[in-house]
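Below is one structure, written out as structure tokens, with a few remarks after it.
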Amino acid sequence: RSQEVSFILCGVQQLLQTQPQVSVLFKSYQVSFTMSARNPGIELDLEWLSNVRVNHPAVLRRAQQIQSRKLVKKEWQAAWLLRAVTCIDLTTLSGDDTPSNVHRLCLKATRPIRDDLLKSMDMHDKGVTTAAVCVYPARVADAVKTLRAAKSNIPVASVATGFPAGQTALKTRIEEVRQAVEDGASEIDIVINRTLALTGQWQALYDEIRQFREACGEAHMKTILAVGDLGSFTNVYKASLVAMMAGSDFIKTSTGKETVNATFPVAIVMVRAIRDFLRRTGHKVLVVFCPINIYDLFPALSHPSLNLFSLNTPPEYY
């Protein structure tokens, strides 16, 4: 994820000389990205799931329509890119992670953009940081220690539940969540057992996620669906609903370890599931997190457009 920050910074730097109003525009996006009250979840509604049908061609057409729309320009680009930085979970999930690696990552999270760039955009005193630092459970204590020493309130997130495959014993996965929370993690990224989704065992999947939610306590829970393993848009939609019914505070596309991770059509399906859940339950606390490789400016700018157009249009594709 540190590469994503670097690409975003390049885009911001290119726009600096012509963007005097970035500070004002940046503030206008803060409300839409603010975390709401937690999702309490609901009872599993199997009848709702049984009636789900996703129109595959229509989803692909919608994705093409949104991506072809004119993106924001000039100072609005810089504002969205800055906002993108504040939505990143700066992450290290490597087998060679050490306390020193985590220490450097945390310091980068507190100052993701050079001071001179922030000053030229009048953003030097706005507290621009990444959204969180994400590590393996074994490194949570290291991250918490570093951020406390830096007097930073950036939350520490931890993957858990047998990340990335989710194939360890349920008891082990639950204990991993509890240990991460005990060590100071305030956000837990769980991964679903894809076998349960692929075989249609929705009750079992719901029960597992519900137990993870209880183990999280006051920590927010993100549920990673690993959409590249689910096989169809219908399974993605159903898995999204089950995760939300079980009390997930966020749903997330992928671990970054699958062959296929976040794609625009899949993100549309998940956003539509969020919209439908909101309309039926009134719970509006869930946000799609799409890990993407930012090789240019456009993915960072098109994903906010996805939320704007997909959350506010009629459900003609389902």
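The values are calculated or read from the model by the stated rules, or taken from the named source; none is laboratory data. All values reported here derive from a predicted model rather than from experimental measurement. Quick reminder, even Gly has a Cβ in these numbers, built from the backbone with ideal geometry, and neighbours come from all protein chains shown. Just the protein is used for accessible areas: all its heavy atoms, side chains included, with ligands, DNA and RNA removed. Shrake-Rupley method; radii C 1.70, N 1.55, O 1.52, S 1.80 Å.
Here are the numbers for this structure:
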item: Fully extended contour minus Cα-Cα distance, from Lys284 to Lys151, at 0.36 nm per residue; result: 44.8 nm
item: Counting all C-alpha pairs of the range 108-237, share separated by more than 22 Å (%); result: 46 percent
item: Average accessible area per residue (Å²) across the range 112-180 - probe 1.4 Å, nucleic acids and ligands excluded; result: 48 Å²
item: Accessible-area composition of the range 125-226, carbon plus sulfur, in percent [1.4 Å probe]; result: 48 percent
item: About the Cα centre, charge dipole magnitude for the range 60-217 (Lys/Arg +1, Asp/Glu -1 at Cβ), debye; result: 800 debye
item: Sequence-separation-based contact order of the range 233-276, relative, with Cα cut under 8 Å and 6+ spacing, percent; result: 50 percent
item: Whole-number Å³ per residue for the convex hull built on Cα positions in the range 153-295; result: 113 Å³
item: Accessible surface of the range 247-288 [probe 1.4 Å, protein heavy atoms]: carbon and sulfur percent; result: 52 percent
item: Relative contact order of the range 209-263, pairs being alpha-carbon contacts under 8 Å that are 6 or more residues apart, as %; result: 46 percent
item: Rg and Dmax of the range 205-255, Cα atoms only, in Å; result: 10.7, 33
